[in-house]
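Below: the structure, in structure tokens.
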Amino acid sequence: MPRIVTDARQFTADRAWGARDLAEIEGASVRLHWTDQPYKWHVNDGAEVFLVLDGQVDMHWREDGREHVTRLGPCDMFLAGVGDEHVARPLGEARILVVEKKGSV
């Protein structure tokens, strides 16, 4: 049965990076996250699509031993491949749609 999600901008969770599972597509999870705290440096075991829906997030990543950062706002995406080390640091509250291999960090 089709679903319509109309409350993405108001979604909250009981803890930082809490999520609402939206769908599973061929081994990938689609989740709506809410946070007001940084995540942790990590490396995914599969590709990740990170789409900011609401708020701002400073996305940090390491490449060739150097740290880089860019600020993401609504409708901005960060695409991480296998082995890309990164961390998301929101500026206040943010809502993010994440598509990644189910069970990934």
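The values are calculated or read from the model by the stated rules, or taken from the named source; none is laboratory data. Small disclaimer: the values here were computed from a predicted structure and weren't measured. Please note: Cβ atoms are built from the backbone with ideal geometry, for glycine as well, and neighbour counts cover all protein chains shown.
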All positions within the range 1-34 that are in a strand (DSSP E or B) and hydrophobic (A, V, I, L, M, F, W, C): 19, 22, 23, 25, 28, 30, 32, 34
message: Condition first: of a type in the set (A, V, I, L, M, F, W, C), under 16 Å from residue 101 (Cβ atoms) and either free of Cβ contacts under 8 Å to residues at least 40 places away in the same chain or touching a Leu at 6+ places or on another chain (Cβ under 6 Å) (or both). Can you find one or more residues in the range 54-76 that meet it?
response: no
- request: Looking only at the range 68-83, decide whether some residue is closer than 14 Å to residue 41 by Cβ and modelled with pLDDT under 95.
  value: yes
query: Of all the strands (runs of 3 or more DSSP E) wholly in the range 35-105, which have at least 2 residues that are surrounded by fewer than 15 Cβ atoms within 10 Å (Cβ to Cβ)?
result: 57-63, 66-72, 77-80
query: Applying the selection to the range 17-39, what residues are within 12 Å of the chain's Cα centre (by Cα) and among the small types (Gly, Ala, Ser)?
result: 18, 19, 29
field: Single match in 35, 70 (criterion: of a type in the set (S, T, N, Q) and within 18 Å of residue 19 (Cβ to Cβ))
entry: 35
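Can you pull out every residue in the range 26-53 that is touching a residue at least 60 places away in the same chain (Cβ under 8 Å) and either of a type outside the set (S, T, N, Q) or over 14 Å from residue 87 (Cα atoms) (or both)?
Listed by number, the residues that qualify are 27, 28, 29, 30, 31, 32, 33, 34, 42, 43, 45.
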